[in-house]
Amino acid sequence: MKKKITHKIFFLFMVNTFFWLNLNADINEIFLLPSSIEESGLMTSLYSISQDINSIFYNPAGIAINNIKRFGLNYSILFDNIKSGSVILNFPTKKNNYSFGIKYNDLGDITFYNDYGEKLGVKNLYAYRINIGFGNELFISGLYLGISLGVQNIVLNKEYFLTTLNIGGIYIIPIQETEVHIGSNIGSQYNFVEKKVILTPSLGMKYFLPEYKSFVSLAYKIIDRTDFYSFGLELSFIKNINLILGYEISTQIKDWNNNFGIATKINLTKRQDFSIGFGYRTLNNLGNILSTSIEFRL
């Protein structure tokens, strides 16, 4: 009886993360290039249900689920002049699991003009972020909590410096031969230039299909006053190969965008000591994103 009540309280807590106020994260769009192969397929679903090595950039509760020391490299490209790369290290201990990540975005050289169309000059735009985080399983079996702290420096038409805090939870509920994963993440940033706090909540779930060795996922997130609704399918019925398919709808006032993605991760050894991944996804009207990754056990 107590366990059922606890389940309900935790679920209501995650639902209430929708009701955070004053979301205004214009500069967050610079980080929409994937930080992992999984995002190429699952897209913004990862902000609530991420459980891979890249969880530090999404839902840090996933750090608690990764009990293997791993190192990962990711690289994404949009057009010829917009590139993104990240480095992640996960290292578990007896008490907590820890993670460290660095991400860099190069937007290339952009020409600026004034209101009269006169050229002001050319400027190289870039952004980087550094995150450290930890996660652990709580007193309830299957309930994981993670916290990630970070700093961001973004150079656009002016320079921004932000500190970030992400608090995430994942609850894995076994149901007979299957299981349901419910995840929630509250991301917050403090913008030192504009002196304001930005909040980005998300909520999602994925359901395991044992007969197909697959997961079906649904998620919701807010970024830049835009609502994201995503649907994902993770297939692993082929030995050592994971296939991820995703579809996402984003809405802002009367504007609608549809994106889709596909990714695959290939484990080259039985113990998953070494894996490579490839991903493709669309990004609104900006174009197509190609991604690749390498992960190995330390």
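The values are calculated or read from the model by the stated rules, or taken from the named source; none is laboratory data. Fair warning: this is a prediction, and the values are worked out from it, not measured in the lab. We place every Cβ from the backbone using ideal geometry, glycine too, and count neighbours over all the protein chains shown.
See the values below:
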item: Scan of region 151-198 for residues that are at pLDDT below 90 and among the aromatic types (Phe, Trp, Tyr), ordered by number; result: 160, 161, 190, 192
item: Single residue of 153, 67 found to be touching a strand residue (DSSP E or B) at 6+ places or on another chain (Cβ under 8 Å), outside any strand (DSSP E or B), without any contact (Cβ under 8 Å) to a residue 40 or more places away in the chain and closer than 26 Å to residue 293 by Cα; result: 67
item: Check on residue 275, assigned to a strand (DSSP E or B), surrounded by fewer than 17 Cβ atoms within 10 Å (Cβ to Cβ) and without any contact (Cβ under 8 Å) to a residue 24 or more places away in the chain; result: no
item: Residue within region 216-234 that is more than 26 Å from residue 259 (Cα to Cα) and modelled with pLDDT under 85 present; result: no
item: Selected residue [surrounded by fewer than 24 Cβ atoms within 10 Å (Cβ to Cβ), under 21 Å from residue 187 (Cα atoms) and touching an Asp or Glu at 6+ places or on another chain (Cβ under 8 Å)] from 66, 124, 136, 131; result: 66
item: Answer from 276, 262, 238, 244 - the residue that is more than 17 Å from the chain's Cα centre (by Cα), modelled with pLDDT of 90 or more and farther than 25 Å from residue 188 by Cβ; result: 276
item: Residue check, residue 229 part of a strand (DSSP E or B) and in contact (Cβ under 8 Å) with a residue 60 or more places away in the chain; result: no
item: Test: residue in region 151-174 that is charged (D, E, K, R) and over 30 Å from residue 109 (Cα atoms); result: no
item: Residues of region 206-234 satisfying the condition of being surrounded by 17 or more Cβ atoms within 10 Å (Cβ to Cβ) and under 30 Å from residue 270 (Cβ atoms); result: 206, 208, 214, 215, 217, 232, 233, 234
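Listed here are the residues, each with its yes/no results for (1) outside any strand (DSSP E or B); (2) in contact with a helix residue (DSSP H, G or I) (Cβ under 6 Å, 6 or more places away or on another chain); (3) in contact (Cβ under 8 Å) with a residue 40 or more places away in the chain.
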{"residue": "40", "(1), (2), (3)": "yes, no, yes"}
{"residue": "43", "(1), (2), (3)": "yes, no, yes"}
{"residue": "52", "(1), (2), (3)": "yes, yes, no"}
{"residue": "59", "(1), (2), (3)": "yes, yes, yes"}
{"residue": "62", "(1), (2), (3)": "yes, yes, yes"}
{"residue": "71", "(1), (2), (3)": "no, no, yes"}
{"residue": "75", "(1), (2), (3)": "no, no, yes"}
{"residue": "85", "(1), (2), (3)": "no, no, no"}
{"residue": "94", "(1), (2), (3)": "yes, no, no"}
